[in-house]
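First up is the structure itself, then whatever we jot down about it.
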Amino acid sequence: MSPRPALPSSVHAPLPVLGREVLVPLVTGGEVGYAALDYAASAPALQRVWDDVASYAPYYGSVHRGAGYLSQLSTDLFEQSRATVAEFLGCRPGDQVIFTRSTTDSLNLLAAAVPAGTSVFVFETEHHASLLPWRQADVTYLGAPRTPAQAVATLDRALAARALAARAADGPALVCVTGASNVTGELWPVRELAAAAHAHGARIVLDAAQLAPHHPVDIAELDVDWVAFSGHKLYAPFGSGVLAGRADWLRAAEPYLAGGGASRRVARSADGGVDVDWHTTAARHEAGSPNVIGAYAIASACRALTEAGFDLLVEREQALVARVRAGLAEVPEVRVLSLFGDDAPRVGVVSFVVEGWNSSHFAAALSAEYGIGVRDGLFCAHPLLRTLLGAADQEPGECGAPEAAPGELPDPSAGGAPTLNAIRVSFGAGTPDEHVERFVDAVRELVSDGAKWRYRTEDGRCVPDRDQA
Ligand code: PLP
C-alpha cells in the first residue's frame, strides 16, 4: 500500500451540523459515530439553521393573513427570506423567487408555466426531476455527451436543427440542464450551455439541486433564466425549495396551485361561475399557507454558507474529493463512474462499483460494520446509470436497486456476484476528515478481507442476517 497522502491542513473546519454526535450500533458489536456520507440525497441540517429556526419558532404566526403582531413578523420574515435567497443567487432586477417544496416541485412548476408550443431540450443524463416534468411539451432528449465540449456541441446542433425545421423558429424553446451530476458529481458547462441556448433564442433552467450546496451559483453571471434547488440538500431540511428567475412566463401562466394566497380578488361571474384576478408576483404560484419555517431555514443556510466563506468551503471539499478519489484509486477492484473523465471538475459526489460485489451488499456492509451511511441504487437517473454501467437490460425499482430475489446473498469472495447498481458516497460542508478516512479504509478492508457478517435480501433491500450468531 502506498503511503497515504495527508489531507491538506483543513483550510476550513467543517461547519457544525446536527447529528455529529449520534452513535449507531455495529452488527459486530459496539457503537460508532455515524458517518453521514449521503449528502447528495439529503444533507444534515446546519446547526446554525436549526438554531435560527428554534429562535424564530416561538414567534411563528400565519403569513400574509393575520393582523396580529406575530403574523406581521412572520410575513416580514417570509419576504426577507425571499430577498436573502435572491441575493444568494445573484438574481437580476425583476427576477422572481418562488418558494416551492423542492427541486422536483420547482421544475414541475416551470413545466406547467412554459408557453404553449414550447420545445424543450434535455439531456438523457439528467436526474428524473429534470428529465420527466416536460412530457406535456415537445421534448427532445439529447444523448449522453462524453466531454463538456460535446455537451455544448450537442445542444448547439439540436437547437440549430430545430431552427431549420421550423424555418422561422417561432415557438419558444427551453433547455434544462443540471449544474452538477447527482451521480458523478461532475460539473456541467452551464455558462457555455446558456450561451448556446441564448444564441438560438432558447431559454435555460439550471437544476442546481447538487450545485447550490457545493458551489456559489450566480444566476446573472451564469446567464441562466431560472435556477431550481432544494432546502434539504442545502442543510435546511424543512420542506422547502426554490424556483428563481425570469418573471414573464411565470406571470403569464395559470397559477401552479389554485387557491387562497394566489388570488387577489374573486367574485361570482355573470355566467354563474367565478372570476379570479390572480396575483402577478411570486404569490401567484404559492397558493395555500406558505411554509415560512422552510423559507426562513433556506435563507439561514444561504447566510451561513456566505458568511463562512463559500470559496473556503469549496476548497476544503475539493481536498475531501481528492482524498476519496485517491483512496478508491488504490483499490483495483473499484471502478469510479464518470462521464467526462478524471480531469473533470466535480463536487463531493462520487459513485462507483466494486468488481464481484453487489452494490447493495457493499453499502449494507459499510453501514452495518463501519457505521457509514452511503447510497446504493440507480439514483433516480436510470438512463445515465445504464450508460455508465453499460447495462441496457436492467429493470430497476424506482430510485433503487433492481429487484432482488429474497434470500441469502452470494459470498462476494466466491466471485461472480452481479454488479447491478452503484454505490454513491457524497459529502459537503459538515463532513469531518475522519468520515472520509473511515470510508476509504472500510472500502479497502471490505474488498481485501470480505464482509464480516452474512447478509440477506428482504423486501428488495440488503440487510444483515439476524440469524448469524
Ligand atoms: N436534481 C438533482 C440533480 C438531484 O440530485 C435531485 C435529488 O436528488 C433532484 C433534482 C430532486 O430533488 P428533490 O428530491 O429535493 O426534489
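The values are calculated or read from the model by the stated rules, or taken from the named source; none is laboratory data. Just so you know, these numbers come straight off a predicted model, no measurement behind them. Positions of Cβ are generated from backbone atoms using ideal geometry, with glycine treated the same way; all protein chains shown enter the neighbour counts. These area figures cover heavy atoms from the full protein model, side chains too; ligands, DNA and RNA do not enter into them. Shrake-Rupley method; radii C 1.70, N 1.55, O 1.52, S 1.80 Å.
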(request) Output the number of the condition that ARG325 fails; it satisfies all remaining conditions of (1) open to solvent by 40 Å² or more (accessible area, probe 1.4 Å); (2) basic (Lys, Arg); (3) over 22 Å from the mean Cα position of the chain (by Cα). (result) (3)
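Considering only segment 338-369, state which residues are in a helix (DSSP H, G or I) and open to solvent by less than 30 Å² (accessible area, probe 1.4 Å).
Residues of segment 338-369 that are in a helix (DSSP H, G or I), as a first pass: 359-369.
Once the filter is applied, which keeps residues that are in a helix (DSSP H, G or I) and open to solvent by less than 30 Å² (accessible area, probe 1.4 Å), segment 338-369 yields SER359, SER360, HIS361, PHE362, ALA363, ALA364, ALA365, LEU366, ALA368, GLU369.
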(message) For segment 204-223, which positions are farther than 21 Å from ILE298 by Cα and in contact with a Gly (Cβ under 9 Å, 6 or more places away or on another chain)?
(response) GLU221, LEU222
(request) Would you check which residues across segment 219-248 are within 17 Å of the chain's Cα centre (by Cα) and open to solvent by 10 Å² or more (accessible area, probe 1.4 Å) and list them? (result) HIS232, LYS233, PRO237, PHE238, GLY239
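Can you name every one of the strands (runs of 3 or more DSSP E) wholly within segment 74-169 that holds 1 or more residues which are buried (at least 17 other Cβ atoms within 10 Å of the Cβ), outside the structural domain of HIS64 (by TED's automatic domain parsing) and within 16 Å of the ligand (Cβ to nearest atom)? Write out each step before concluding.
On the way: elements: 96-100, 119-123, 138-142.
It comes to none.
Would you point out which residue out of GLY201, GLY171 is of a type outside the set (A, V, I, L, M, F, W, C) and on the phi < 0 side of the Ramachandran plot? Even if it seems obvious, please write down each step before you answer.
Numbers: GLY201 fails: on the phi < 0 side of the Ramachandran plot.
Matching residue, one of GLY201, GLY171: GLY171.
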(request) For residues that are open to solvent by 50 Å² or more (accessible area, probe 1.4 Å), assigned to a loop (DSSP other than H, G, I, E, B) and not polar (S, T, N, Q), tally how many sit in segment 26-73. (result) 6
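Suppose the filter is over 14 Å from the mean Cα position of the chain (by Cα) and modelled with pLDDT under 95; does ARG251 pass it? Spell out how you get there, then give the answer.
Working: over 14 Å from the mean Cα position of the chain (by Cα): yes; modelled with pLDDT under 95: no.
Criteria not met by ARG251.
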(request) Note down all Cβ pairs under 8 Å where the first residue falls in segment 54-65 and is closer than 15 Å to PRO290 by Cα, the second is open to solvent by 70 Å² or more (accessible area, probe 1.4 Å) and of a type outside the set (Val, Ile, Thr), and they're at least six residues apart or on different chains. (result) GLY61/TYR69; GLY61/GLN72; SER62/SER289; VAL63/SER289; ARG65/SER289
(message) Could you check segment 293-329 and list, in sequence order, the residues that are in contact with a strand residue (DSSP E or B) (Cβ under 9 Å, 6 or more places away or on another chain) and among the β-branched types (Val, Ile, Thr)?
(response) ILE298, VAL321, VAL324
(request) Looking only at segment 260-294, count how many residues are part of a loop (DSSP other than H, G, I, E, B) and among the hydrophobic types (A, V, I, L, M, F, W, C). (result) 3
(request) Filter segment 236-257 for residues that are more than 12 Å from the ligand (Cβ to nearest atom), in contact (Cβ under 8 Å) with a residue 12 or more places away in the chain and out of contact with any Gly (no Cβ under 7 Å at 6 or more places or on another chain) and give the result. (result) ALA244, GLY245, ARG246, TRP249, LEU250, ARG251, ALA252, ALA253, GLU254, PRO255, TYR256
(request) Out of VAL114, VAL63, VAL97, VAL120, report the one residue that is in contact with a Cys (Cβ under 9 Å, 6 or more places away or on another chain), more than 30 Å from LEU388 (Cα to Cα) and among the aliphatic types (A, V, I, L, M). (result) VAL97
(request) Can you give me the number of residues within segment 217-235 that are within 16 Å of the ligand (Cβ to nearest atom) and not in a helix (DSSP H, G or I)? (result) 9
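So is ALA295 open to solvent by less than 20 Å² (accessible area, probe 1.4 Å), closer than 28 Å to ARG203 by Cα, among the hydrophobic types (A, V, I, L, M, F, W, C) and more than 16 Å from the ligand (Cβ to nearest atom) or not?
In short, no.
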(message) Return the residues of segment 439-465 that are open to solvent by 40 Å² or more (accessible area, probe 1.4 Å), over 19 Å from GLY356 (Cβ atoms) and modelled with pLDDT of 95 or more; say none if nothing qualifies.
(response) ASP441
(message) Contact list please: Cβ distance under 9 Å, first residue in segment 213-225 and farther than 22 Å from ALA111 by Cα, second residue open to solvent by 50 Å² or more (accessible area, probe 1.4 Å), pairs at least six apart or on different chains.
(response) PRO216/THR306; PRO216/ASP311; GLU221/ARG191
